[in-house]
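Worksheet: the structure to be examined is printed underneath.
The values are calculated or read from the model by the stated rules, or taken from the named source; none is laboratory data. Everything numeric here is computed off the predicted structure, so don't read it as measured data. Heads up, the Cβs are rebuilt from the backbone with ideal geometry, glycines too, and the neighbour counts pull from every protein chain shown.
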Amino acid sequence: MPNLAVELQQTPGEQETPVLKVENLHTWFEIRRMGFFKAGDVRALDGVSFELYQGETVSIVGESGCGKSTLAKTILGLHRPTKGVMYFEGKDMSEFTKEDLKAYRANVGYVQQDPYGALPPFMTVRRILEEPLIINGVKDKAKRDKRIKAVLEEVKLAPVEDFLPKFPHMLSGGQQQRLVIARAMILEPKMLVADEPVSMLDASVRVEILQLLRRLQKKHNLAIIYITHDLSTVRYFSERIFTMYGAKIIEKSTTESLLDNPLHPYTQALFKATSDPDAENLKTYKEVPTGEPPSLMNPPKGCRFHPRCSKMIKGKCDQFEPPEFQVNGEQLVSCWLYEEKK
Ligand SMILES: Nc1ncnc2c1ncn2[C@@H]1O[C@H](COP(=O)(O)OP(=O)(O)OP(=O)(O)O)[C@@H](O)[C@H]1O
Ligand SMILES: [Mg+2]
């Protein structure tokens, strides 16, 4: 696999305002029995905080059902948070006016897992790309055409004239995902949320799509949230990695320090399967670690990982939720094993 790494354009600095900041974000789904009696809540996102800076990719990893897509959709405004605050460029999003919200939507592009499902089947490439421009007030047709042409060239759907009249089903999977990326980029956003953007594509086009995202990031200084099951790509594609477990982020690290020294016992188990530096050894973490993921309706007391953890401290991990401890200056981990290193 070719190296996807490019120089980080901007290192997150202390004075820099994060493009996105989320604080104690919760998204719960109410479950009703027979459509009437409340049976409980699925706590799909249960207290998540982080900052995302312009020009960086943060990969989010964690096994199925841990809340990754819920986090993505909450950020995109597709789910309303139950609790917590989101700030876009320092502004509290709960205080957004209609205009602010419209501007936010233009500033955040969404790249979905299933490109065909994400594209309207009865619209041509031109219509798909023109619609967001019309909605966002680009009245001049020549301006719209110019922007559509530029974005199609950027995602390498060229010659542009050949693609404009096509419908999504006339494109290959890789071309459909390029079109989804073009639609995400058409309004020149500051941020992209990519939820498993290559997992449904043939292995042969996965690298090309990731390279395309990386190139766009570099050129436009984008911030990207990259959600993936494929741990072999995160080392090439992200500046930082967050590990999610049971609807929480349990470890936040720079990519280098995480791959050198994963701290949380869950992250250690997750990355053990891909410790081979040979990227051809494409492993996902479906089979590790052993044991069942926690119930999100009735999560375990204390650390949510304790029932599966070989390093569990009785009377502590099973009783008290660990706060975030800073280790080595670059890693934040929610695990009692690191308490004394605070
Ligand atoms: N609209 C919803 N209503 C009720 N429960 C939901 C809803 N959306 C997600 N969930 C539940 O929330 C939990 C987290 O789901 P989510 O899709 O965020 O997980 P994920 O980490 O993206 O998983 P995957 O890796 O399989 O995509 C799951 O238990 C899921 O069943
Ligand atoms: Mg998901």
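Here's the yes/no breakdown for (1) within 16 Å of ligand 1 (Cβ to nearest atom); (2) under 19 Å from the mean Cα position of the chain (by Cα); (3) among the acidic types (Asp, Glu):
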{"residue": "128", "(1), (2), (3)": "no, no, no"}
{"residue": "142", "(1), (2), (3)": "no, no, no"}
{"residue": "167", "(1), (2), (3)": "no, no, no"}
{"residue": "191", "(1), (2), (3)": "no, yes, no"}
{"residue": "208", "(1), (2), (3)": "no, yes, yes"}
{"residue": "220", "(1), (2), (3)": "no, yes, no"}
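Considering the range 85-97, the residues that are of a type outside the set (Ser, Thr, Tyr) and without any contact (Cβ under 8 Å) to a residue 24 or more places away in the chain include one that is nearest to ligand 2 (Cβ to nearest atom), namely 93.
Counting only residues that are surrounded by 15 or more Cβ atoms within 10 Å (Cβ to Cβ) and not basic (Lys, Arg), the range 308-320 holds 5 of them. Only a single criterion out of (1) more than 16 Å from ligand 1 (Cβ to nearest atom); (2) surrounded by 17 or more Cβ atoms within 10 Å (Cβ to Cβ); (3) aliphatic (A, V, I, L, M) is not satisfied by residue 203, namely (2). Only a single criterion out of (1) part of a helix (DSSP H, G or I); (2) closer than 22 Å to residue 73 by Cα; (3) touching a residue at least 40 places away in the same chain (Cβ under 8 Å) is not satisfied by residue 211, namely (2). Do we find that residue 115 is in contact with a Leu (Cβ under 9 Å, 6 or more places away or on another chain) and not hydroxyl-bearing (Ser, Thr, Tyr) in this structure? It is true that residue 115 is in contact with a Leu (Cβ under 9 Å, 6 or more places away or on another chain) and not hydroxyl-bearing (Ser, Thr, Tyr). On inspection, residue 337 qualifies as at pLDDT 95 or above, crowded, with 17+ Cβ neighbours inside 10 Å and more than 26 Å from residue 41 (Cα to Cα). The residues of the range 172-189 that are more than 23 Å from residue 107 (Cβ to Cβ) and either surrounded by 15 or more Cβ atoms within 10 Å (Cβ to Cβ) or modelled with pLDDT under 95 (or both), listed by number, are 173, 174, 175, 176. In the range 118-136, the residues that are free of Cβ contacts under 8 Å to residues at least 40 places away in the same chain and under 14 Å from residue 151 (Cβ atoms) reach residues that are of a type in the set (Lys, Arg) and surrounded by 13 or more Cβ atoms within 10 Å (Cβ to Cβ) with C-beta atoms within less than 6 angstrom, at least six apart or across chains, in these pairs: 130/144.
Filter the range 44-76 for residues that are of a type in the set (D, E, K, R) and under 22 Å from residue 90 (Cα atoms); which is nearest to ligand 2 (Cβ to nearest atom)? Among those residues, the one meeting the criterion is 73.
A search for C-beta distances below 9 Å between a residue of the range 68-84 that is near ligand 1 (Cβ under 8 Å from one of its atoms) and any residue that is at pLDDT below 95 and of a type in the set (Ser, Thr, Tyr), counting only pairs 6+ apart in sequence or on different chains, returns 68/228. Condition first: farther than 19 Å from residue 18 by Cβ, away from ligand 1 (no atom under 16 Å from the Cβ) and polar (S, T, N, Q). Now tell me which residues in the range 223-250 satisfy that. Residue satisfying the conditions is 232 alone. Answer yes or no: is there a residue in the range 221-236 that is of a type in the set (D, E, K, R), out of contact with any Pro (no Cβ under 6 Å at 6 or more places or on another chain) and touching a residue at least 12 places away in the same chain (Cβ under 8 Å). For the range 221-236, residues of a type in the set (D, E, K, R), out of contact with any Pro (no Cβ under 6 Å at 6 or more places or on another chain) and touching a residue at least 12 places away in the same chain (Cβ under 8 Å): present. Highlighted here are the helices (runs of 4 or more DSSP H) found entirely within the range 69-171 that include at least 2 residues which are in contact with a helix residue (DSSP H, G or I) (Cβ under 7 Å, 6 or more places away or on another chain) and surrounded by 14 or more Cβ atoms within 10 Å (Cβ to Cβ): 115-118, 125-135, 141-154, 160-163.
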